[in-house]
1. For the stretch 199-227, how many residues are loosely packed, with under 14 Cβ neighbours inside 10 Å, modelled with pLDDT under 90 and part of a helix (DSSP H, G or I)?
2. Is it the case that residue 395 is more than 25 Å from residue 143 (Cα to Cα), over 18 Å from the mean Cα position of the chain (by Cα) and crowded, with 23+ Cβ neighbours inside 10 Å?
3. Does the stretch 132-154 contain at least one residue that is in a helix (DSSP H, G or I), surrounded by fewer than 20 Cβ atoms within 10 Å (Cβ to Cβ) and in contact (Cβ under 8 Å) with a residue 60 or more places away in the chain?
4. What residue, of 193, 135, is at pLDDT 90 or above, over 21 Å from the mean Cα position of the chain (by Cα), under 30 Å from residue 118 (Cβ atoms) and not assigned by TED's automatic domain parsing to the domain that holds residue 340?
5. Across the stretch 68-84, what is the number of residues that are buried (at least 17 other Cβ atoms within 10 Å of the Cβ) and at pLDDT 80 or above?
């Protein structure tokens, strides 16, 4: 009889101890988590939301055409080059010093844009500078310090810090839109610059001195590290898989509403479905952050990155009613959000922390390249067929192959390094 009571009691005690340890990890590292979350929420990651809000005012104020504005999107291809560099910087000079560059420069560029004369070439130069320097304060950099400090709740912590920019956009976009309508786009840009400047000070204060225990442990030349990285089959598997799963996410930038509208739904409904996609992407960060901490990471990755296959096929199918399209949007959105914590979690699991930034930067470059390729593919398909259907099928096949590749990370051949 005592044994019957002892078993559940010991189980409860073990569960209680585990929960206390997990809560203790957040208490010990709240500065890291808060600093990373604020940094991501107030720097270059926020820029896509800012541009979508201010675009109509630029076109109206300066007489720019939609074609000129669309052409500016090619600047994002620079991320393919710059993200591996900033990832390497976080490994060598540290996260705080790297983020200092973007934390200071991003609000300065916002002020410069607010004061520009309307010459689109001048704006292009500012946009290029903002992209290059602002990349030093993105998740490619901040994920390193979070992955280093958290172990039991690493996935959840990565998801929390990456949720900053969509949450700020969700709350702030209606407010800043109303402000701009009343006071003009220049006052709006200056207000956003003030917000980002205050957040940068908070970020730098919170992260100062908390992540320097390992920055200079690895005094090696870059070519030596990269030679070892490129010799690892597991790196190429992850690089290819990351590229393939991101090909569909080009629709998550500028084309999402058009894809939904093609299902024959009213414009107001399409706008609501885009909002549902955004909320699902935030939810995906939390859901898969918890899952990757508790379950087999390779299987979680394969499951999460395989969800768009179903979503894309639903959009391709004749099932054009609201429930089915909503289901498709949620599946794609959840997967889009899950990448923010699953990929850096797997990088730390497979390669450890010493080369985290170098490897994660390369994978994020593959993400940018895939989204750029997806836009090119979409343009070709639309020009040839006038429909999204072929694009949806190609992307579904790409996501299917990419998600299945992640299952290889759970095999004995690719056993991960031991890392805290």
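The values are calculated or read from the model by the stated rules, or taken from the named source; none is laboratory data. Predicted model, so just to flag it, every value in this text is computed and none were measured. Every residue, glycine as well, gets a Cβ built from its backbone with ideal geometry; the counts of neighbours run over all protein chains shown.
1. The total comes to 4.
2. Spelling it out, residue 395 is indeed more than 25 Å from residue 143 (Cα to Cα), over 18 Å from the mean Cα position of the chain (by Cα) and crowded, with 23+ Cβ neighbours inside 10 Å.
3. no
4. The unique qualifying residue is 193.
5. 5
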